[in-house]
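Here the structure is laid out as structure tokens; the discussion comes afterwards.
Bear in mind that the values in this text are calculations on the coordinates, not laboratory data. Since the structure is predicted, the reported quantities are computational estimates derived from the model, not experimental observations. All Cβ positions, even for glycine, are placed from backbone atoms using ideal geometry, and neighbour counts span all protein chains on display.
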Amino acid sequence: MNMAPEHLEIEYPCLWQYRLIGEDEDRLRAALAECVDPARCTIGRGHVSTGGHYLSLVVDLTVDSEEERLRLYQRLAAHPHIRMVL
């Protein structure tokens, strides 16, 4: 039985969604603006954790290539105000 993940074929350009998780909405929005032009994005509020300590923003934008998609993920994930990127 082969348990190796299959490579997903994605046709670019395509609409991609990132979910940013952090502790403060204003800081999340500022971090996003440092990584990508907010005019390129549709930004919505996601969930707030049960304890109210964490929240998420849902970010939709068009990416032109796998390289761009991964580069944006890495930039977002490396930002100190973003706890996690899904």
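A few notes on this one:
- Summed side-chain charge close to Leu55 - residues other than Leu55 whose Cβ falls under 13 Å, Lys, Arg +1, Asp, Glu -1: +1
- Based on C-alpha pairs under 8 angstrom that are at least 6 apart in sequence, the chain has a relative contact order of 41 percent.
- Segment 46-86 shape via C-alpha gyration tensor axes, a/c threshold 1.5: oblate
- Compared with the alpha-carbon gap, the fully stretched path from Arg71 to Glu11 is longer by 19.9 nm at 0.36 nm per residue.
- Dipole axis of the chain (+1 Lys, Arg; -1 Asp, Glu on Cβ), positive-most option in Gln74, Val63, Gly44: Gly44
- Angle in degrees between helix 25-35 and the longest Cα principal axis of the chain, rounded to the nearest 10: 40 degrees
- Electrostatic bookkeeping for Asp26 treats Lys and Arg as +1 and Asp and Glu as -1; over the other residues with beta carbon under 14 Å from its beta carbon, the sum is -1.
- Normalised size of the chain, defined as Cα radius of gyration per 2.2 N^0.38 Å with N residues, equals 1.19.
- Assuming charge only on the beta carbon of Lys and Arg (+1) and of Asp and Glu (-1), the dipole of segment 14-85 about its Cα centre is about 160 debye to the nearest 20.
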